[in-house]
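Read-outs throughout are calculated quantities, based only on the coordinates presented, and are distinct from any laboratory measurement. A quick note: this is a predicted structure, and the numbers were derived from the prediction, not measured. Reconstructed Cβ throughout: ideal geometry from the backbone, glycine too, with neighbour counts over all protein chains shown.
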Amino acid sequence: MTKPKASPANKNTPSKAKPKAKAKTKPETPAKAKVEPKANAQSAGPSEAKPPVVRILAQYIRDMSFENIIAQKGIATNQTPKINVDIGLDARKQPNEHQYEVITKLHVNATSDTQKMFVLELEYGGIVHLENVPSKQLSLFLMVEVPHQLFPFLRRIVSDVTRDGGFPSVNIEQINFMDIFRKEMSKRIEEQKQQQLAN
């Protein structure tokens, strides 16, 4: 018996191609844009102004006189004196940097219905350190803020002196230094106008 021969493969018959493995692709990541840090708006601007510094370094009686007029005349009276108070202010630069002398001038005149009873004159001074104060506001600090801080000590002196002088203690009411300052500035402006007209 003869075995049947295997028929040769037909060359025209297409061979089955093996499926190619699909390459795994990663999703494209969008490129991140570089963001420059924004400058701090506060740091870019000018530095904040420092707060004003007002410091009383010393205070003292520069001059004082008390005249008990009715005692000198040997007059005894139980009348309550009528008190009139006049205030004056003065300030000047000191040799040391940022230091000024501020003087509060007080004139207390006491009278009865018929005569003067006593006269008290007091100049109370203070050495003050001022810093970080704009030049336009310097006069305001020297003529308003500093006298306001010194006033309680001045008032106590007036009370003690009048009591020790044989009269009821004179307790001066709170003084409106801002009003005094405004009147003084108006007076200076008026004087400057008069000088300009005279020239």
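Observations
- Protection proxy ranking of 79-90, 152-163, 186-197, by the mean of other Cβ atoms within 10 Å over each peptide's residues and highest first, is 152-163, 79-90, 186-197.
- Mean Cα-pair separation over length for region 53-198, i.e. relative contact order, pairs under 8 Å, 6 or more apart, %: 24 percent
- Virtual spin-label span in nm between Arg62 and His129, 7 Å along Cα→Cβ: 2.1 nm
- Subset of Lys105/Lys187; Lys93/Lys136; Lys73/Lys105; Lys50/Lys105; Lys82/Lys183; Lys136/Lys183 violating a 23 Å alpha-carbon distance limit: Lys73/Lys105; Lys50/Lys105; Lys82/Lys183
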